[in-house]
Amino acid sequence: MTPHARPAPRRADFLSIAISLLASVLGLAAFLYPFLLPGRADSGAMAHANDAPLVFVVLLVLCLATVFASLTSQQMTSKLVALLGILTALSAVLRTIPGPAGFNAIFLLPILSGYCYGPTFGFMLGVLSLLVSALIGGGVGPWLPYQMLATGWVGLLSGFLPEWKLHRRLEPIMLAIWGALVGLIFGAIMNIWFWPFLAGGATGFDHAGDLGGVWQPGMSVWATVRAYATFYAITSLWWDAWRAAGNALLLLLFGGAILRVLRRFRSRFRFDIVPEVITTPTDHS
């Protein structure tokens, strides 16, 4: 195995990948189910206060199941689990370092680890990093499981990027472009956790409401997309642009060096189990 070759998944590995995808499907349903309700609960900042604890518990259970399945299938070793814990702590600390317009470096390690170790590892790192950082900084609320899911998706999708084995110098540029893209996508996804619950001026978004940026039950898909685009452009695009630029800059400056370290650990900690073939002597008499 070359240092830059991501190991091909074995058949047993697909169990942990399937659990991660199941968590993603359930998370997507948690984001979107308010659009299917006949009415709207105008709860504003307390949107999902009733169902967020259930989403949180289910997400943690599925993450633990993913770790267990990965250990059972030998997709992860105990050393890689320890590495996951170390990277989770580092990523949580990076989130506490303030940047311009609220930017923080929480996405740096999930992107690089997902890219290097695959979608399952990236998903778990993103989810657990948000959990630990929220516990450290007191950011616990009904929004937390949705932040955990969205950050997990950043690591998950990064794991599906093709590794550039022959273009080391271009690799950080590709990752920087990807980091900018997911910085915008993360903000667009996170707004959805509360947007269906808004009621225009009653929640403080008067301009968005005046311009048609508030969702109403019964709106068509196209009208919903237009309303959300208006809301996003007015309330979030500027902040997400800073996140996108910060992600790109960090990946350009540090992506190559961090990847070399991650790949060095990968080459040491991954192994394949080759079943022993036992032969029995034949009777020639």
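The values are calculated or read from the model by the stated rules, or taken from the named source; none is laboratory data. These figures come from a predicted structure and were not determined experimentally. Cβ: placed from backbone, ideal geometry, glycine included. Neighbour counts: every protein chain shown.
Select from region 99-125 the residues that are over 16 Å from residue 66 (Cα atoms) and among the aromatic types (Phe, Trp, Tyr) and write down the one among them that is nearest to the chain's Cα centre (by Cα).
Among residues in region 99-125 that are over 16 Å from residue 66 (Cα atoms) and among the aromatic types (Phe, Trp, Tyr), the one nearest to the chain's Cα centre (by Cα) is 107.
Please specify each residue of region 65-121 satisfying the condition of being closer than 27 Å to residue 172 by Cβ, among the polar types (S, T, N, Q) and part of a helix (DSSP H, G or I).
88, 91, 96, 113, 120
Residue 212: surrounded by fewer than 19 Cβ atoms within 10 Å (Cβ to Cβ), over 22 Å from residue 102 (Cα atoms), modelled with pLDDT of 90 or more and small (Gly, Ala, Ser), yes or no? Give the steps one after another, and end with the answer.
On the way: surrounded by fewer than 19 Cβ atoms within 10 Å (Cβ to Cβ): yes; over 22 Å from residue 102 (Cα atoms): yes; modelled with pLDDT of 90 or more: no; small (Gly, Ala, Ser): yes.
No.
Which of the residues spanning region 126-166 are more than 8 Å from the chain's Cα centre (by Cα), assigned to a helix (DSSP H, G or I), under 21 Å from residue 93 (Cβ atoms) and not β-branched (Val, Ile, Thr)? Lay out the reasoning, then the answer.
As a first pass, look at region 126-166 and keep what is more than 8 Å from the chain's Cα centre (by Cα): 128-147, 158-166.
The next check asks that each one be assigned to a helix (DSSP H, G or I); those that pass are 128-137, 144-147, 158.
Next, only the ones that are under 21 Å from residue 93 (Cβ atoms) stay: 128-137, 144, 147, 158.
Those that are more than 8 Å from the chain's Cα centre (by Cα), assigned to a helix (DSSP H, G or I), under 21 Å from residue 93 (Cβ atoms) and not β-branched (Val, Ile, Thr): 128, 129, 130, 131, 133, 134, 135, 137, 144, 147, 158.
Counting just the residues of region 80-98 that are over 15 Å from residue 66 (Cβ atoms) and of a type in the set (Val, Ile, Thr), which one comes out surrounded by the most Cβ atoms within 10 Å (Cβ to Cβ)?
Going through the qualifying residues, I end up with 93.
Go through 59, 71 for me and flag whichever is modelled with pLDDT of 75 or more and buried (at least 20 other Cβ atoms within 10 Å of the Cβ). Before you say what the answer is, go through the steps one by one.
Working: 71 fails: buried (at least 20 other Cβ atoms within 10 Å of the Cβ).
Result of the check over 59, 71: 59.
Touching a Ser or Thr at 6+ places or on another chain (Cβ under 9 Å) and at pLDDT 95 or above - does that describe any residue in region 98-107? Talk me through it step by step, then tell me what you get.
First, pick out the residues of region 98-107 that are touching a Ser or Thr at 6+ places or on another chain (Cβ under 9 Å): 104-107.
Cutting the leftovers down to at pLDDT 95 or above gives us 107.
For region 98-107, residues touching a Ser or Thr at 6+ places or on another chain (Cβ under 9 Å) and at pLDDT 95 or above: present.
Hey, does region 138-148 have a residue that's touching a Gly at 6+ places or on another chain (Cβ under 7 Å) and either without any contact (Cβ under 8 Å) to a residue 60 or more places away in the chain or not β-branched (Val, Ile, Thr) (or both)? Reasoning before the result, please.
Let us first name the residues in region 138-148 that are touching a Gly at 6+ places or on another chain (Cβ under 7 Å), namely none.
Within region 138-148 (the criterion being touching a Gly at 6+ places or on another chain (Cβ under 7 Å) and either without any contact (Cβ under 8 Å) to a residue 60 or more places away in the chain or not β-branched (Val, Ile, Thr) (or both)), the answer is no, since none of the residues qualifies.
Could you check, for region 215-227, whether at least one of its residues is in a helix (DSSP H, G or I), in contact (Cβ under 8 Å) with a residue 60 or more places away in the chain and surrounded by 14 or more Cβ atoms within 10 Å (Cβ to Cβ)?
Here is the first cut: in region 215-227, the ones in a helix (DSSP H, G or I) are 221-227.
This time we only want the ones that are in contact (Cβ under 8 Å) with a residue 60 or more places away in the chain, so: 224.
Now drop any that are not surrounded by 14 or more Cβ atoms within 10 Å (Cβ to Cβ), which leaves 224.
Within region 215-227, one or more residues are in a helix (DSSP H, G or I), in contact (Cβ under 8 Å) with a residue 60 or more places away in the chain and surrounded by 14 or more Cβ atoms within 10 Å (Cβ to Cβ).
Considering each of 151, 96, 120, 88 in turn, give the residue that is in contact (Cβ under 8 Å) with a residue 12 or more places away in the chain and more than 22 Å from residue 262 (Cα to Cα). Steps first, please.
Working: 151 fails: more than 22 Å from residue 262 (Cα to Cα); 120 fails: more than 22 Å from residue 262 (Cα to Cα); 88 fails: more than 22 Å from residue 262 (Cα to Cα).
Step by step, each of 151, 96, 120, 88 is checked, and only 96 is in contact (Cβ under 8 Å) with a residue 12 or more places away in the chain and more than 22 Å from residue 262 (Cα to Cα).
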